[in-house]
Amino acid sequence: MKFDYLPRLIAAALFFVSNFAWSLEAEQEKTMADILREIRSINEADADRYKTRETQFKQEAADQKALLRAAEDEVRRQERARNRLQKDFDNNEEILTGLESSLDKRVGDLGELFGVFRQTADDTQTMLFDSLITLEFPARRTKISKLAESDEVPTIAQMRALWTLLIEESALSGTISKFQASVVRPSGEKYDADVTRVGSFNVITEDRYLNYLAENDELVELPRQPAGAVRSSAADLHDADPGQEVGFFIDPSRGALLGLLVQSPSLGERVEQGKAVGYAIILLGIVGLIIVGQRLLTLTRIRSRINNQMKDLETPRPDNPLGRILISYIENKHLDLDTIKSRVEEVMFSDLAEIKKGLQLIKVFAAVAPLMGLLGTVIGMIGTFQAITLFGTGDPKLMAGGISQALVTTVLGLCAAIPLVLSHGLLSSQSTKLGKLIGEQFLSVVADKAQQEAIKEN
């Protein structure tokens, strides 16, 4: 039984294995066929796509060639147009050159005339814009601007108009005119006023000088008006009737001199520049002049009393040196000559001391004043050199201003010393004369006493 079962089992196994192998082979054969079909299908699709792309590429290449041919045609067309335009340009250049040559031949010397006209118009425009006459006649600005700014060849009418403006400026510069205008105060306030124009030089209102600012077309009062006769002449001219002759100070520089005059410091400002030293010098001079005045009055009074006493020597008065000498002699004439001489000398020397009182002090003041001025100058120069050290020498006005301030004290010192020196000389001369007169009377008294004693001895 065992052996019968085994063959059957082997046969069944073999059958199973054979069936399995056949089934596997059949399945494998089916799969490869499908793959082959898929590969063929893909290849056919790729071939169609490649063919389509090739057809599209060829079409695009044909289009590009067509565009290239069109661009080349356009380039050739543009080159032909360029050549044609270049030819036209060259022809026009030749024509223009010929026309310019013809114009130059026809213009001739007129070209120089036109250049002179334009230059003259520009110069005239600058002159008229700054002129006071234009302030009264503003329409002239429009006329001269048209002439100066024109780029065309000037006509005869334009040249005549320029000539007319020049003649008008020359004629009106010698006239005096009154008209209404707006004036600006130094504070910025504007007001309407009657102004008087003196040619093309000055313009005033009432007693005030005005400055014309052409860039703003405004009349502005000077921040500081000139003093004295200059300002009063402006008032006289403003109030003058037509045809009346009045004196007036004209600034031929059209305001430059007046501007410098305004900038010049006044006496008070000059004194202020001297600062403490300047005030000390002024005080010294005032005190010295007070002493001079007092001594001058005293000496004048003494001389007057001596002159009155000399008219009446028989009646001596104690209000003068001569009278006191006579009184001393009368009181001591009973004494001997030496005693009388000593008593009278005592009175005389006392009066001489009174006469010469204050002269030495005036002399000292006259010597100290310029020294104080020199001191102020040195102090001012020190400040100037300090400014030069800080800011350099690039600004001459800085140095000039400092030097000017430094020299103010020197001027003040000299102004104080000169009258003191002269006064000292005058007082010394009067004192010497009075002393000589008193000395003569003293000698006369001594001589009389000596004569009397000589007579007694004989």
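A few comments on the model shown:
- Top-ranked residue in region 144-164 [being buried (at least 16 other Cβ atoms within 10 Å of the Cβ) and within 33 Å of the chain's Cα centre (by Cα); ranked as farthest from Arg197 (Cα to Cα)]: Ala148
- Residue within region 190-201 that is exposed (fewer than 14 other Cβ atoms within 10 Å of the Cβ), aromatic (Phe, Trp, Tyr) and modelled with pLDDT of 85 or more present: yes
- Filter result for Ile388 (in the same structural domain as Ile282 (by TED's automatic domain parsing) and modelled with pLDDT of 75 or more): no
- Within region 276-297, the set of residues being closer than 21 Å to Leu422 by Cα and without any contact (Cβ under 8 Å) to a residue 12 or more places away in the chain comprises Leu283, Ile286, Ile290, Gly293, Leu297.
- Of residues in region 241-287 being over 20 Å from the mean Cα position of the chain (by Cα) and basic (Lys, Arg), the one modelled with the lowest pLDDT: Arg270
- Output for region 310-328, where each listed residue is outside any loop (DSSP other than H, G, I, E, B) and under 15 Å from Asp351 (Cα atoms): Pro321, Leu322, Gly323, Arg324, Ile325, Leu326, Ile327, Ser328
- Test for Val446: is it assigned by TED's automatic domain parsing to the domain that holds Thr300 and either modelled with pLDDT of 75 or more or surrounded by fewer than 14 Cβ atoms within 10 Å (Cβ to Cβ) (or both): no
- Which numbered condition Lys275 fails, given (1) at positive phi; (2) of a type outside the set (A, V, I, L, M); (3) outside the structural domain of Cys415 (by TED's automatic domain parsing); (4) out of contact with any strand residue (DSSP E or B) (no Cβ under 6 Å at 6 or more places or on another chain): (3)
- Sole exception among (1) assigned to a helix (DSSP H, G or I); (2) touching a Leu at 6+ places or on another chain (Cβ under 6 Å) for Met348, by number: (2)
- Residue check, Met127 over 20 Å from Arg254 (Cβ atoms), outside any loop (DSSP other than H, G, I, E, B) and of a type in the set (A, V, I, L, M, F, W, C): no
- Unmet requirement for His424, which otherwise passes all of (1) surrounded by 13 or more Cβ atoms within 10 Å (Cβ to Cβ); (2) at pLDDT below 75: (2)
- Counting only helices (runs of 4 or more DSSP H) that sit wholly inside region 132-215, those with at least 1 residues that are under 25 Å from Val246 (Cβ atoms) and in contact with a strand residue (DSSP E or B) (Cβ under 6 Å, 6 or more places away or on another chain) are 132-136.
- Some residue of region 108-122 being among the basic types (Lys, Arg), free of Cβ contacts under 8 Å to residues at least 24 places away in the same chain, part of a helix (DSSP H, G or I) and surrounded by 11 or more Cβ atoms within 10 Å (Cβ to Cβ): no
The values are calculated or read from the model by the stated rules, or taken from the named source; none is laboratory data. No experiment lies behind these values; they were computed from the predicted model shown. Note that we place each Cβ from the backbone using ideal geometry, even for glycine, and neighbour counts take in every protein chain shown.
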